[in-house]
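What follows is a short report on a single structure.
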Amino acid sequence: MDTNDPQLQELASGFREALRHSVYLVRRLDADGELSAAQLSTLKMLLGEGQRVGEIARNLGVRVPSATEQIIKLERAGLARREPDPADSRAVRVILTPEGRAAVDAANTRRNQVMADILSTLTDQDRKALSEALPVIDKINASLQN
């Protein structure tokens, strides 16, 4: 498909706007939490094998020094720690501590409840449409991870 197609460009614009507003919504979900949206985003990136600092910075859309500041705050709070990267002895990975995992789990529970309250106001048809769109959104997100 021609990426300059006006209909595709309009879809791209509408999707970007929806994503931008979704980011605002997610930030509001954290308004009552103890951690900032950026801190929670960073902690969620660490699920699994953890992440290198450069990758964290790239995912947050900031420079490495700014990501390092976030990591230092999370380390001081006992939520994350740095350790040698098993794939590259010159690099470090930031990983979750058990306390960090508990903070992510608590935030997910709180966020899911707020989001469920919002979704409960939609019609059954709207919820079905959203559910059917999730695999497409996952595919778009996966394409950005490569």
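For K139, give me every one of the lysines with a C-alpha distance below 28 angstrom, ignoring sequence neighbours fewer than eight places off in its own chain.
Reachable lysines: K44, K128.
Can you list the residues of region 33-59 with backbone N under 15 Å from a point 7 Å past the Cα of K73, pointing along Cα to Cβ?
Only 33-44, 57 pass the distance filter.
Work out, step by step, the length gained on full extension between R20 and I118: first 0.36 nm times the residue separation, then minus their alpha carbon distance; give nm to one decimal.
Gain on extension, R20 to I118, equals 33.5 nm.
Counting only protein heavy atoms and a 1.4 Å probe, tell me what percentage of the chain's accessible area is made up of carbon and sulfur.
Carbon and sulfur atoms account for 54 percent of the accessible area of the chain.
Quote to one decimal, in nm, the extra length available between V64 and R101 on full extension: 0.36 nm per residue of separation minus the C-alpha distance between them.
Additional length available on full extension: 11.0 nm.
Can you give the charge dipole size of the chain about its Cα centre, rounded to the nearest 20 debye, using +1 on the beta carbon of Lys and Arg and -1 on the beta carbon of Asp and Glu?
Value, rounded to 20: 500 debye.
Beyond 23 Å, what percent of the Cα pairs of region 1-138 remain?
48
Estimate the FRET efficiency between A87 and S143 by the formula 1/(1 + (r/R0)^6), using the beta-carbon distance for r and 22 Å for R0, to the nearest 0.05.
0.40
Near the amide H of A80, under 5 Å away, which other amide H atoms are found, from residues 5 or more places off or on another chain, if H is placed in the peptide plane?
Under 5 Å from the amide H of A80: E75, T97.
Considering only protein heavy atoms, what per residue accessible area in square angstrom results for the chain with a 1.4 angstrom probe?
On a per-residue basis, 71 Å².
The values are calculated or read from the model by the stated rules, or taken from the named source; none is laboratory data. Fair warning: this is a prediction, and the values are worked out from it, not measured in the lab. Note: ideal-geometry Cβ built from the backbone for every residue, glycine included; neighbour counts use all protein chains shown. Note: accessible area is taken over every heavy atom of the protein model, side chains too, but ligands, DNA and RNA are not part of it. Shrake-Rupley method; radii C 1.70, N 1.55, O 1.52, S 1.80 Å.
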